[in-house]
Amino acid sequence: MLVFMDVYNLKDIIAYMDCPLKYSLFLNSDSSLNYPLDARTIISTALAETYIKVCERIAQGRPYSLVERAKFFSRVWNELKSKYISSGGDEARTHGFLMTAHKKVLEMDNLIPGNWDVGVSRYPTELFIGDAVIKDRLDLVMVNRRKTNQVRIIIMDTSLCKESDIDYGIHLRALFNATFFKRELRSTPDMSIDCSVYNLHHGYQKPLHFTKNDSLNYQRSIKNVIKCINSSAFYPRASADSCKHCMFKNNCSFSMV
Ligand code: SF4
């Protein structure tokens, strides 16, 4: 007997948590983005993709010049910007941080950990949670060159949060992907796995630690969001920060800006 399960992208679940109405407007739009980005995260997403690309090239032993990096960043940024604008986004907002971002592309080597090699990049992940399949992507997995049983999961933070802030979406992505990866490596129990968040915009790396409660709560949160989506609970969760950068703020009667 064939059993069909609902499939969700973790980024959509996180978008729902940010504002259910935004999630619904995005689903009903003809946007070609694969999840709702705002004007700021277009730049941080292009930065994160460039960082992964640089790491991949280093792992392949192929030099990646500063000019190539800058070109790659500009291409990804332009692609995302075009999709964002054609989905109704405000072009004027997309240029903030651009000069700073280009400088960060040129200084990216400072954030690549020494003594660690890239094991895996852009690896698709999925977990069964309740009756649904949830999908995401592992951005980078690094392996310690000196102790090969030490593995570090790196989650690229594109949210522009400062180091002192806790972004629930990033925490959720990290926990989800760490759980997936631990399951993948369950036949080699002596592996030591830690998890770090890299924020290129603010230029920091932050280790993340999870408690047993975190592991139970994240599944509960995802199940609750799925229940709400299935019952079409698309209420506005307006806040000055969310609305300020929301691609729908000009047409949303609940917008706080
Ligand atoms: S403008 Fe605010 S309330 Fe409206 S969809 Fe966007 S984030 Fe939600």
Could you give me the residue pairs with C-beta distances under 8 Å whose first residue belongs to segment 44-62 and is buried (at least 17 other Cβ atoms within 10 Å of the Cβ), whose second residue is among the charged types (D, E, K, R) and in a helix (DSSP H, G or I) wherever it lies, and which are 6+ apart or on separate chains?
-> Leu47/Lys104; Thr50/Arg69; Lys53/Arg69; Val54/Arg69; Val54/Asp109
Identify all residues within segment 74-130 that are surrounded by 17 or more Cβ atoms within 10 Å (Cβ to Cβ), polar (S, T, N, Q) and touching a strand residue (DSSP E or B) at 6+ places or on another chain (Cβ under 7 Å); write none if there are none.
-> Ser121, Thr125
Check every one of the helices (runs of 4 or more DSSP H) wholly within segment 1-119 and list those with 3 or more residues that are of a type in the set (A, V, I, L, M) and away from the ligand (no atom under 16 Å from the Cβ).
-> 39-59, 66-86, 98-106
Identify the single condition in (1) crowded, with 16+ Cβ neighbours inside 10 Å; (2) of a type in the set (Gly, Ala, Ser); (3) assigned to a loop (DSSP other than H, G, I, E, B) that Ala178 does not satisfy, given that it satisfies every other one.
-> (3)
Just one listed residue, out of Leu47, Leu25, is in contact with a Lys or Arg (Cβ under 9 Å, 6 or more places away or on another chain) and of a type in the set (A, V, I, L, M), and it is Leu47
Return the only residue of Asn224, Asn230, Asn217, Asn251 being surrounded by fewer than 16 Cβ atoms within 10 Å (Cβ to Cβ) and near the ligand (Cβ under 9 Å from one of its atoms).
-> Asn251
Residues being part of a helix (DSSP H, G or I) and not charged (D, E, K, R): count how many of those fall in segment 210-235.
-> 14
Counted residues in segment 190-203 being surrounded by fewer than 16 Cβ atoms within 10 Å (Cβ to Cβ) and either in a strand (DSSP E or B) or modelled with pLDDT of 90 or more (or both) come to 3
Give the residue that is nearest to the ligand (Cβ to nearest atom), with candidates limited to residues of segment 233-248 that are more than 20 Å from Ser31 (Cβ to Cβ) and surrounded by fewer than 17 Cβ atoms within 10 Å (Cβ to Cβ).
-> Ser239
Of the residues Arg146, Arg183, Arg237, which is farther than 27 Å from Lys104 by Cβ, touching a Cys at 6+ places or on another chain (Cβ under 6 Å) and charged (D, E, K, R)?
-> Arg237
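The values are calculated or read from the model by the stated rules, or taken from the named source; none is laboratory data. Quick caveat: nothing in here was measured; it's all calculated off a predicted structure. Methodologically, a virtual Cβ is constructed for each residue, glycine included, from the backbone with ideal geometry; neighbour enumeration extends over all protein chains shown.
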